[in-house]
Amino acid sequence: MKEKILITGGAGYLGSVLTPKLLQEGYRVTVLDNFLFKQNSLLECCANKNFGVVRGDVRDKALLQSLLKDADYIIHLAALVGAPLANMDRSGAESINRDATIGLAKLASSAQRIIYPCTNSGYGIGQKCQFCDESTPLRPISLYGITKVEAEKALLDRGNSISLRLATVFGASPRMRIDLLVNDFTYRALKDRFVVIFEGHFQRNYIHIRDVARAFLHSLVNFEAMQGEPYNVGISNANLSKIELCECIKAHIPAFVYLESPVGEDPDKRDYLVSNVKIEKSGFRTLFSIDDGIRELIKCYTMLNNNKYGNV
């Protein structure tokens, strides 16, 4: 029988895709989640004898200690994800994203293996025409980015950990988020038929949620070779500006109109190119493109008719 995995925050946008995948692969999975968004995204897992679920807070030290006793691996997803949500609850962002992760690093035994999703937004504002790789200095510009980078350092300092610096994630999930950029723009294109863009030249990298789940599985299988390091995880040919992203969406939704505002600023100042060569050298390759995601999201939004499926 395969190893036991504790997934904190396992009922969220990513966990709701990753958890069933791990169960399919034969892992024994326990999810700890506070079900903040009243989601029922793991209902399909309940019939699986290898699945367990605990409602609770990752900041509850006694609870976390009790769950760690049986874990071979910890996949630490629990966080207030995204700059807007972190700004709405600054103390929560610090206590969950950073402090609870530092606490986990101390509570876990040296033999327990941790895989952590950081964010490549930690690169902040990159240098023009230069790719950020894992040696590029981290200069996060949001509270969310700062707390995630500080948490990553604590985990990598302990050893026996892997950090996956995720690009901007897109795609459908049982715990859907419409507030992510590709998901948001595709929703607006389909429902409103237009979007006004601020600072449309800003670039970032992207990754399909199913490829993120595959990256975690890759890290589990290749843990010994990858441990102790951070890895950028994104689609190498998808370092796109907002304008380029809109062009991709328009190819699927011809009635979509996008305009770049000549005035105003985007509060999200991230602007960088990202290299994913390091994880590719470990044997990982993405399977899903931006176009795959847009086609999927169009079907998704045929079913979803409101924007309650976000973090803010």
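The values are calculated or read from the model by the stated rules, or taken from the named source; none is laboratory data. On a predicted model such as this, the values are computed, not experimentally measured, just so you know. Using ideal geometry, Cβ is built from the backbone for each residue, glycine included, and neighbour counts are taken over all protein chains shown.
Quick look at the numbers
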| quantity | calculated |
| --- | --- |
| Inter-residue pairs, beta-carbon under 8 Å, first free of Cβ contacts under 8 Å to residues at least 60 places away in the same chain and in segment 68-88, second in a loop (DSSP other than H, G, I, E, B), 6+ apart | 87/142 |
| Residue count, segment 133-163 (criterion: touching a Ser or Thr at 6+ places or on another chain (Cβ under 7 Å), at pLDDT 95 or above and not in a loop (DSSP other than H, G, I, E, B)) | 7 |
| Output for segment 151-167, where each listed residue is of a type outside the set (A, V, I, L, M) and without any contact (Cβ under 8 Å) to a residue 60 or more places away in the chain | 153, 157, 158 |
| Residue under evaluation residue 121, criteria (1) part of a loop (DSSP other than H, G, I, E, B); (2) in contact with a helix residue (DSSP H, G or I) (Cβ under 8 Å, 6 or more places away or on another chain); (3) farther than 19 Å from residue 288 by Cβ, criterion not met | (1) |
| Options 105, 111: the member that is assigned to a loop (DSSP other than H, G, I, E, B), more than 18 Å from the chain's Cα centre (by Cα) and modelled with pLDDT of 95 or more | 111 |
| Residue 3 under 14 Å from residue 74 (Cα atoms), out of contact with any Gly (no Cβ under 8 Å at 6 or more places or on another chain) and either in contact (Cβ under 8 Å) with a residue 12 or more places away in the chain or surrounded by fewer than 17 Cβ atoms within 10 Å (Cβ to Cβ) (or both) | yes |
| Lone qualifier among 97, 160, 183 - being in contact with a strand residue (DSSP E or B) (Cβ under 8 Å, 6 or more places away or on another chain) and crowded, with 21+ Cβ neighbours inside 10 Å | 183 |
| Residues that are crowded, with 23+ Cβ neighbours inside 10 Å and in contact with a Cys (Cβ under 9 Å, 6 or more places away or on another chain), drawn from segment 124-144 | none |
| Residue under evaluation residue 234, criteria (1) within 30 Å of residue 4 (Cβ to Cβ); (2) of a type in the set (Gly, Ala, Ser); (3) modelled with pLDDT under 95, criterion not met | (3) |
| Residue under evaluation residue 12, criteria (1) closer than 22 Å to residue 163 by Cα; (2) at pLDDT 95 or above; (3) out of contact with any Lys or Arg (no Cβ under 7 Å at 6 or more places or on another chain), criterion not met | (3) |
| Any hit, segment 34-53, residues being under 23 Å from residue 153 (Cα atoms), at pLDDT 95 or above and β-branched (Val, Ile, Thr) | no |
| Selection count, segment 37-86, where residues are touching a Lys or Arg at 6+ places or on another chain (Cβ under 6 Å) and either in a strand (DSSP E or B) or crowded, with 16+ Cβ neighbours inside 10 Å (or both) | 5 |
| Subset of segment 188-206 that is of a type outside the set (D, E, K, R) and surrounded by 24 or more Cβ atoms within 10 Å (Cβ to Cβ) - its residue that is farthest from residue 233 (Cα to Cα) | 189 |
